[in-house]
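Trainee: Here's a structure for you.
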Amino acid sequence: MVNNPLTGAIDVVAEPEAHAEDLTPEHRARQRRRAVVEGVVVEVTIAPVTAPPYYRALLRVTNPGAQPCTLELLWHGQHVVPGVTAGTKLRCLAVVCFPDGVATMYNPRYEIITPKKAVR
């Protein structure tokens with residue numbers, strides 16, 4: 001994987017984009033691979049004080065020409081993940097796996113995608 005030396009951003013050319021069929025449990029028998037997904041965070045869950053710390057976000061992945069699907073992002077050992085809140089658009093990189101039949105990425109690398117501003 002190659003990062004942009006100036007910004008440290010994920011180089012999306014080096015990793016394959018995930019397709020909607022990659023995020024369905026029927027394809028979990030295939031070899032696991034790292035994938036890049038892009039979407040909007042629709043829900044955030046924080047672990048209760050009595051539980052081990054984790055931060056969970058539900059990402060709605062929108063691929064052109066495919067039905068939207070959801071992907072669970074899970075960071076272990078974190079009470080807060082900077083910048084990841086409901087409504088944030090993210091690009092994530094991690095291995096997609098299917099515990100309990102739910103498409104999940106554990107401790108993904110992420111970058112926040114901001115809307116482009118019009119040049120005046």
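Trainee: Can you pull out the residues in the range 71-101 that are without any contact (Cβ under 8 Å) to a residue 40 or more places away in the chain and under 17 Å from A35 (Cβ atoms)?
Mentor: Answer for the range 71-101, where residues must be without any contact (Cβ under 8 Å) to a residue 40 or more places away in the chain and under 17 Å from A35 (Cβ atoms): E72, L73, L74, P99.
Trainee: Quick check on P25: is it surrounded by fewer than 15 Cβ atoms within 10 Å (Cβ to Cβ) and at pLDDT 90 or above?
Mentor: no
Trainee: Now for a separate question. Taking the residues in the range 34-79 that are among the polar types (S, T, N, Q) and over 18 Å from R109 (Cβ atoms) as candidates, determine which candidate is modelled with the lowest pLDDT.
Mentor: Looking at the filtered set, the residue picked out is N63.
Trainee: Right, another one. Restricting attention to the range 62-100, report how many residues are farther than 18 Å from T45 by Cβ and either touching a Lys or Arg at 6+ places or on another chain (Cβ under 6 Å) or of a type outside the set (A, V, I, L, M) (or both).
Mentor: 13
The values are calculated or read from the model by the stated rules, or taken from the named source; none is laboratory data. Only a predicted model underlies this, so the values are computations on that prediction, with no experimental measurement involved. Counting neighbours? That spans all protein chains shown, and the Cβs are built from the backbone with ideal geometry, glycine included.
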